[in-house]
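Take a look at the structure set out below.
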Amino acid sequence: MEILSIPIEKVKGVGAKRASALKDVEILTLGDLLYYLPRRYLDRTQILPMARAPIGQEVTLIGEVRQTRFIPGSRPRFVMVVADETDDITCTFFQGGRYLQRNFAVGDELAISGKVDLFQGRRQMVHPEYEFIRGEERLHTGVVVPLYTTSADMKERGLRSRGFRRLISEALDAFAERIEDDLPAALRQRLGLAELGASLRQVHFPASLAEAERARQRLAFGELFAFQLRLARRRKKNREQADGIAFAPSEKLVPALWDSLPFAPTRAQLRVVAEIAAQMQRPQVMNRLVQGDVGSGKTLVGLCAMLTAVENGYQAAMMAPTEILAEQHFFNIQALVEPLGLTVVFLKGAQRKALREELLTAIESGVAHIAVGTHALIQEQVQFARLGLAVIDEQHRFGVVQRGALYKKGAKPDLLVMTATPIPRTLALTLYGELDVSIIDELPPGRKPIRTALRGEDRRAAIFEFAGDQVRQGRQVYVVYPLIEESEKADYKSAVEAYDELRHGPLAEFAVALLHGRMAAEEKAAVMEDFKQNRIQVLVCTTVVEVGVDVPNATVMIIEHAERFGLAQLHQLRGRVGRGGEQSFCILISYAHAGAELADSHERLQTMERTQDGFEIAEKDLQLRGPGEFFGVRQAGMPTFKAADLVADGALLQSAREEAMRIVDSE
Ligand code: ADP
Ligand code: MG
């Protein structure tokens, strides 16, 4: 057995109780243990005397606890004075005070790190990192000490940072020699990378911070390489399997479609349509992602692919994540292709039985050339006569399983997935490494940039007055509220409440309607249709309008509680306006309170004011939230790495990918 896979119980120093504490933090094997990397390091080679600790900088200091005190009151806090021979410093904690009071005693020797500031003329650190220093460690000046995240249970089992350090150190002594390397020796030598065992030791017990980072990068490269190797092999296998459909290029339907439109395709649309057509002609199954910012015209690109399939005697299907979006696609596509003599059907959740039977028959007999729908398309009863192409719109809303289910409705159909969620390059390479990617990097001409403004709630009245002016000029307005979970007790206005307030107050003279996810589907469709026809002028809604909705006459997007939305989501919402020739506006109303919350949310929201480039916004979002949050529940199948950081390690990922491809190509 590979040495890193041996169970954690087999490691010296780990009994049943420790094993159970370690399992809670997902340490099940020796490998998990050695890849449990320090959260940070205390660089004791750089320790300063307190008297010289510069204000405003991050430093590490060592001293003895002289005084501890819990101060109750409106801002309860725990305060502790730590001193060395030169001076002292006050450490202040606003959280966990009662625990901390039990944790520290006068006389304890500590290393503390954090930013030094001045409070009432004295040096202070707020919420410093701390580490107890005992016995022989005190003598070990001039070392870099690793600090680990430890759970309460681990602490109870003697696995605070210190105990955990010993565990890792002993495990390294016992096993490091026998660890099989994760990289081919030739590759390691060519790139000048250290051996895995040595790097694991250095990442835990480095001689300097620079050495620690070098070791981490070496481990990260190994992880990324292994992952990219798997992807490259899968891609190669797909390439070698020529059992898909080889479509002939469309000579009638696609040219006829473009001829019927009042506008010409953009260069980017043409290029992507050509990329797709070229791949559809090959006998391998197509697995392609089309990324294009909101409003870049993905629907037409998908439609061209569908028409190619249809011209070849196959059926095509397009699945969208919401009923509103699916219905919109259906009406658009129907209007475009019925004149070409094609039949389109629309399948959704709740449909009359008789109608449903009729639609299913049309799909099964092949009478329907194109089927548009929601998840209803992947239900068991749906059987296609000859499905040749499956298109999935806004694919990030679907899981891998649903994508697969649509694919299985045909015999090796081609697959095209479309998304408007711009994905930073590093993530795209990770998530979609096995897909081919086309990017529509151009918007149709004549779109005016959307004017975006971030405002505080105190400006609300003026904002709705402005919205009213726009409506008087014939335009339409969205007012979006955050979604309220059933379980959540909202401390802010919901769409429902706001709807009542707005239509009786500032927007009383207009036709205002409400749209949210819990309304019946029929009701939602009716409201959308009225909004489309400008019978409704102001649509108060939740994020149900987030993806895809296309009403070019709407020019104002007001987002209440903008601080509660992610950047990617705000970008999607803003994409609902700016779709026609008129100047559009997006107003973000923030209710963030003072302090960190305000600073935090403003940094995010100002990105929206600054740019309209979806990729830039996505990069920022990723930076601020990290890959886990960035995708949240929306994206299944995201691999997790222990040493690699998808935000910071873009260059490593790129290099790992190239090396993996080189190896697979020569296999
Ligand atoms: P998205 O990429 O966000 O899905 P859509 O496909 O909904 O974008 O297209 C947005 C709008 O732009 C639609 O009203 C569509 O008709 C229009 N459109 C698409 N392509 C072009 C083009 N080449 N020139 C002008 N308008 C276009
Ligand atoms: Mg779309």
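Which residues, taken from segment 57-84, are in contact (Cβ under 8 Å) with a residue 40 or more places away in the chain, under 15 Å from R122 (Cβ atoms) and under 40 Å from the mean Cα position of the chain (by Cα)?
Within segment 57-84, just L61 meets the criteria.
Select, from F94, F119, F132, the only residue that is surrounded by fewer than 16 Cβ atoms within 10 Å (Cβ to Cβ) and touching an Asp or Glu at 6+ places or on another chain (Cβ under 9 Å).
Result: F132 is the single residue among F94, F119, F132 that is surrounded by fewer than 16 Cβ atoms within 10 Å (Cβ to Cβ) and touching an Asp or Glu at 6+ places or on another chain (Cβ under 9 Å).
Name every residue in segment 256-296 that is in contact with a strand residue (DSSP E or B) (Cβ under 7 Å, 6 or more places away or on another chain) and more than 22 Å from K237 (Cβ to Cβ), in order of residue number.
A268, Q269, V272, V290, Q291, G292, S296
When the residues of segment 526-555 are narrowed to those that are modelled with pLDDT of 85 or more and either among the charged types (D, E, K, R) or part of a helix (DSSP H, G or I) (or both), which ends up most open to solvent (accessible area, probe 1.4 Å)?
This residue is R535.
Provide a single number: the residues in segment 180-211 that are within 24 Å of R657 (Cα to Cα) and open to solvent by less than 70 Å² (accessible area, probe 1.4 Å).
17
Among (1) touching a Pro at 6+ places or on another chain (Cβ under 6 Å); (2) under 30 Å from L340 (Cβ atoms), where does D259 come up short?
Here D259 clears every test but (1).
Being of a type outside the set (D, E, K, R) and part of a strand (DSSP E or B) is the filter; apply it to segment 439-453 and report the residue that is nearest to ligand 1 (Cβ to nearest atom).
Among those residues, the one meeting the criterion is I440.
Report every pair of residues separated by at least 6 positions or lying on different chains whose Cβ atoms are under 8 Å apart, first residue within segment 240-268 and under 17 Å from L307 (Cβ atoms), second within 16 Å of ligand 2 (Cβ to nearest atom) and in a loop (DSSP other than H, G, I, E, B).
Going by the 8 Å Cβ cut-off, the qualifying pairs are W258/P265; P265/G297.
Inspect segment 234-255 for any residue being over 27 Å from G410 (Cα atoms), at pLDDT below 95, of a type in the set (G, A, S) and open to solvent by 10 Å² or more (accessible area, probe 1.4 Å) and give the result as yes or no.
Checking segment 234-255: not a single residue is over 27 Å from G410 (Cα atoms), at pLDDT below 95, of a type in the set (G, A, S) and open to solvent by 10 Å² or more (accessible area, probe 1.4 Å).
Give segment 593-611 a look and list any residue that's in a loop (DSSP other than H, G, I, E, B) and at pLDDT below 80, or say none.
H593, A594, G595
For G302, indicate whether it is under 22 Å from T266 (Cα atoms) and at pLDDT below 95.
No.
Scan segment 614-624 and tell me whether some residue there is at pLDDT 85 or above, of a type outside the set (F, W, Y) and under 28 Å from R503 (Cβ atoms).
Looking for residues that are at pLDDT 85 or above, of a type outside the set (F, W, Y) and under 28 Å from R503 (Cβ atoms), one finds none in segment 614-624, hence no.
Please pick out the residue among V437, V391 that is closer than 30 Å to G581 by Cβ and either among the hydrophobic types (A, V, I, L, M, F, W, C) or within 16 Å of ligand 2 (Cβ to nearest atom) (or both).
V391
Applying the selection to segment 212-222, what residues are open to solvent by 30 Å² or more (accessible area, probe 1.4 Å) and charged (D, E, K, R)?
Once the filter is applied, which keeps residues that are open to solvent by 30 Å² or more (accessible area, probe 1.4 Å) and charged (D, E, K, R), segment 212-222 yields E213, R214, R216.
Would you tally the residues in segment 546-566 being within 16 Å of ligand 1 (Cβ to nearest atom), under 21 Å from G581 (Cβ atoms) and β-branched (V, I, T)?
3
For segment 289-344, enumerate the residues that are more than 16 Å from ligand 2 (Cβ to nearest atom), surrounded by fewer than 22 Cβ atoms within 10 Å (Cβ to Cβ) and not in a helix (DSSP H, G or I).
Correct list: N312, G313, G341, L342, T343.
Filter segment 1-18 for residues that are within 20 Å of S169 (Cβ to Cβ) and open to solvent by 30 Å² or more (accessible area, probe 1.4 Å) and give the result.
If the condition is that a residue be within 20 Å of S169 (Cβ to Cβ) and open to solvent by 30 Å² or more (accessible area, probe 1.4 Å), then P7, E9, K10, K12, G13, G15, R18 are the ones that fit.
Restricting attention to segment 440-460, and to residues there that are more than 30 Å from H561 (Cβ to Cβ) and open to solvent by 80 Å² or more (accessible area, probe 1.4 Å), which single residue is farthest from ligand 2 (Cβ to nearest atom)?
P445
Restricting segment 411-438 to residues that are open to solvent by 20 Å² or more (accessible area, probe 1.4 Å) and charged (D, E, K, R), which is farthest from ligand 1 (Cβ to nearest atom)?
K412
The values are calculated or read from the model by the stated rules, or taken from the named source; none is laboratory data. Values in this document were obtained by computation on a predicted structure and should not be read as measured data. Backbone-built Cβ (ideal geometry, glycine too); neighbour counts: all protein chains shown. These accessible areas exclude ligands, DNA and RNA; they are computed on the full protein's heavy atoms, side chains included. Shrake-Rupley method; radii C 1.70, N 1.55, O 1.52, S 1.80 Å.
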